[in-house]
Each structure stands twice: as C-alpha cells, then as structure tokens.
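Single-structure report; data block below.
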Amino acid sequence: VVLFSGVTLLAGDLLLDLGQPSWARALLMSSILAVIPLSLWLLRLAEDLPALVLGLIVTVVDVAAFGELYLITQAAPWVLAPRKIWLAAAIFSVLAGSLLMLVQRSLKRILVLSTMEDFGFLLLGVSSGTKIGMGGAISVAVVHSLAKALLFLSLSTAEADGNLDAKGKGLATLYPMSGAAFVFGIFAVLGVPPTMGFAGRWRLYETASHSGPFVALAFVGASACALIAYVLALTNFWWGPPSADARATREPVLLRGTLLALMLLLLIAGIWPSAVHDLTWRPW
C-alpha cells in the first residue's frame, strides 16, 4: 500500500507537468485514499509489531501523505475540484475510524484507527481550500506527529513487560509517567485546551460548520465516538488496581524524560501559540 501510494503520487506529479489534469487528479485521490486501507491492514499486524515501530509507520505515512497533498494543492488548486469528492472521503475516513475505535479492545489497534480518524480532519482542512482550513490542517498535522509519538511511546514499557494484553489492568499504577503521558496525548489529539491541539482542531470544526450542518455533525459525532473509545481504553487498561500477577519494571529514565519533553512541548505550544500561529498561517 505504501509503495502504491508513493508511485501514484509521483505519477500524478508527472501527469500534471504533461498537462493531463484529469488523470493527475484521479491518481492523487487514489494515493491519498490508500492511507485508509493501510490503517485497516495494520490492524492485523498491530499485535505483532512493537508499539514504537507501529507508531513510526502510521505517523510517517500519514504526515508524508498529508504533506504531499498540501504541496500539490498549493501548486495546482484545481486538483481539489470537485470538492464534494474530497469532502466525502474526509467524512468516510473520520466516521469509519472513530466507529471502529469503539469496538476495539487493544490499545495499539485503537491508536491505529485513531490515525484514520485524524486523517479525515486533515483531508477536510486541505480540501476546504480556505485559509482557516489549511492553517488548521497544518497545525493538526504537527500535533498528530507529536501526540501519536507520545501515545505509542507510553505503551512501550508495559509492552516490554508483557502487560499490554487484554488482561492488562491498572497500568497507570504500574507506570505512572506513561499513564500521565497517555492521558495527555489523548487531550492533545482531541484538541482539549490548553494543549497545542486546541487551536488546530477548532479551526477544522469551524471549517466543517461552514461546509454544512451534515458535515459539522459528522465531525463532531466522530470526535464524540473517539472520546468514548479513549475513555473505555482508560477504564479498561489504565485505571484501577493492577492484576495480581502483573510484574512491572521501572520506566527507563530516558523514556520518562522523552515523555515529559513531549508533554511540555504540546503544553507550551498550546499556552503560547504565537510561534505555531506564525508557522501555520504564513504563506507557503
């Protein structure tokens, strides 16, 4: 899927240079939508791949696909026509990802599907063609990469100790720093103030409201489903006393330092967003 996405993006660029806009648009759409089956395919490997590797794959693929889409639409805005097709793809991605999150009982699978939900927001912002939508999408893409790194990192110690299975309970008691990082990562992804995710998410909610009541309802409903899925994950895995047979090692100092640094970065950028504002709103 990754190879297909990369090849079609390159072919789309070539067709743009050759003056074939219709074929270029079709290839661009197919390459972006390849991210969706990639997320579903990764579900089958989620329990076999280490959390760090899984996080690297989903983050790099999504951010790379978004970056390529953004650059192409800036160079050739007509690629976004007709906008209804892109908007439908964004709605499908955000709804499918959030609804599938509700039925998962694996932390890694929930995070994989949340990436699919996040990508729907990114696609909404880029396809809007507006300043506020584009700015929101870029901001959310930055948050996506940092927060997903934080979320997947927070699972690494529990996974190494064998406590990240369906019977895992009370992980926050065993790994307090990882538990705090997981909660903070959820806040950032959902755009809860004062995290860095707030400004970008609410720009995209405004973009959705300008696109019509159905679009706004779809994205707000998807966020509500994602929130419920995250709360269930916290209840089932992180809260409460740990299992009687759970054996935990101390979180490595380097890991705790990295988690703390990512949390501070997401918090400081949310409290003082001027630097991020200048980055996301300046002409590209």
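Given a 1.4 Å probe and every protein chain left where it sits, what share in percent of the accessible area of region 37-185 is carbon and sulfur?
Of all accessible area on region 37-185, carbon and sulfur atoms account for 71 percent.
Lys and Arg at +1, Asp and Glu at -1: add these up for the other residues within a Cβ distance under 15 Å of residue 52 and post the number.
Around residue 52, the charge tally is -3.
What figure, in Å² to the nearest 10, do you get for the accessible area of residue 187 with a 1.4 Å probe and non-protein molecules left out?
Its accessible surface works out to 90 Å², give or take rounding.
Quick one: Karplus J couplings for region 119-126, per residue in order, coefficients 6.51, -1.76, 1.60, θ = phi - 60°, nearest Hz, x for Gly and Pro?
Whole-Hz 3J(HN,Hα) from phi for region 119-126: 5, x, 5, 4, 5, 4, x, 5.
The values are calculated or read from the model by the stated rules, or taken from the named source; none is laboratory data. Just so you know, these numbers come straight off a predicted model, no measurement behind them. Positions of Cβ are generated from backbone atoms using ideal geometry, with glycine treated the same way; all protein chains shown enter the neighbour counts. When the accessible area is computed, the model is the full protein with side chains, heavy atoms only, and any ligands, DNA or RNA have been set aside. Shrake-Rupley method; radii C 1.70, N 1.55, O 1.52, S 1.80 Å.
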